[in-house]
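Report on the structure given below.
Every number here is computed from the coordinates shown, using simple stated rules; none is lab data. Small disclaimer: the values here were computed from a predicted structure and weren't measured. Positions of Cβ are generated from backbone atoms using ideal geometry, with glycine treated the same way; all protein chains shown enter the neighbour counts.
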Amino acid sequence: MKWFKLQCPRCKTSVRRQSRGLALTALTKHLWKYHRAWMLSRMKSTDKDTLNNPHVLRLLQDLVTGDFIPGYRRYKRKHYEILKPVLDKLSPFMPIEIQLAWRGIDKLADMLYTKN
Ligand SMILES: [Zn+2]
């Protein structure tokens, strides 16, 4: 049986679960329980730095509603690249549907954006 292990970036506590999804959920719970102030400040600074760009906001909105794949031609690689580091950090704290959508897009990105 393969176990998935994730480590808390704050206190190095490890969580081990039977799937990556379960491990992410457990780590998210841990972070909110033990590092709530840090989580909040992290979300706030992310918000300030990047979410003022309307293209990035739109891209994020399409990601949440599931319209990203059909609408990806509206975006340039640079919009995706602004969002990528943010979503890589935040997606573990988002609902599982968004995590999955993001992982799918992330995998497709090189293919989607080579023509831009
Ligand atoms: Zn911790």
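Compare the peptides 58-64, 103-109, 76-82 by average per-residue count of other Cβ atoms within 10 angstrom and give them in order, highest first.
Ranking the peptides 58-64, 103-109, 76-82 by packing returns 58-64, 76-82, 103-109.
In terms of distances greater than 20 angstrom between alpha carbons, the cross-link table entries K5/K44; K44/K78; K5/K29 yield K5/K44; K44/K78. Take every pair of alpha-carbon atoms less than 8 Å apart whose residues are at least six positions apart; their mean separation over the length of the range 4-46 yields a relative contact order of 29 percent. Taking trypsin sites (Lys or Arg not before Pro) across the range 2-43, the ones in a DSSP loop with at most 10 further Cβ atoms lying within 10 angstrom of their Cβ are K2, K12.
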